[in-house]
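The structure under discussion appears below in the form of C-alpha cells.
Here, each number is a calculation from the coordinates, and none is a lab measurement. The structure presented is a predicted model; accordingly, all values stated were derived computationally and were not measured. Every residue, glycine among them, receives a Cβ derived from its backbone with ideal geometry; neighbour counts consider all protein chains shown.
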Amino acid sequence: MNGQEMVMDADPTPPLDQAAEARRRLAAHTAPPASFWVVQAVGCTLVAGLPIWMSLLSVDARYLQWILVVVALAAAGLSWVRRRRTGVTLPRWASAYPSARRPRVVVMIVTVLGLIAIHTLVGRGQEGLALAVLGPVALASLGGYLWVHASMRRDIEDGRVRA
C-alpha cells in the first residue's frame, strides 16, 4: 500500500454521502413543531370563516382589516421565531422547490373555491350550511399545507432547491 491509498481508506464516508447527510440534517430543521400545525389549523379556520363570524356576530366590516393584520403579524412572528431558533434560512417561496409548485397551485385553487363558496352561502343567508362547508375547507387547506411542506422537505433532501 502506498501513502495515497491509506488516505483514501481513512475517510469511510464518500463526499456524496456526506452531502446527502448534510441535506437530511438541513431538512430536519424545516419540520415545524406540532404547535405550529395547531396554530395553522386555528388560523385557517378563523380566516376561512371570517364571513360567517362577521354575519353571526354582526361584526362591522372595518374590523376585518384588523383581524387580517393580527393574523398576518402572528404568521410573520412565528416564521421569524423559527428562523432565529434554528439558525436555518431557506427560500420561503414554493417556486424555489420544484416538486412543491403543483401542490401549491392545487391547494390555492381548492382554498379559493372554498372561500368563494363560504362567502356565497353567507351572502344568501345560509350560515349553517357555510359552517358545514368551513370544516372541510379548513381541513383541505391544512392538508394542502402539509402536502406542500412534505414536497419542500423532499426537495431539500434531494438537493433540488433553487435560490
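Can you tally the net charge around ALA27? Count Lys and Arg as +1, Asp and Glu as -1, for every other residue whose Cβ sits under 10 Å from the Cβ of ALA27.
+2
What is the list of residues in segment 104-143 whose amide nitrogen lies under 13 Å from a point 7 angstrom out from the Cα of SER55, following Cα to Cβ?
Answer for this model: 115-134.
Once both labels are modelled 7 Å past Cα along the beta-carbon direction, what's the LEU113-ARG85 spacing in nm?
Simple spin-label model gives 3.5 nm for this pair.
Given R₀ = 35 Å, FRET efficiency for ARG124-SER35 by Cβ-Cβ distance, to 0.05?
Approximately 0.40, to the nearest 0.05.
Once every Cα of segment 64-163 carries one equal point scatterer and solvent is ignored, give the base-10 log of I(q)/I(0) from the Debye formula at q = 0.14 Å⁻¹, two decimals.
-0.70
Under a plain spin-label model, where a point goes 7 Å from the Cα along Cα-to-Cβ, how far apart in nm are LEU131 and VAL69?
3.0
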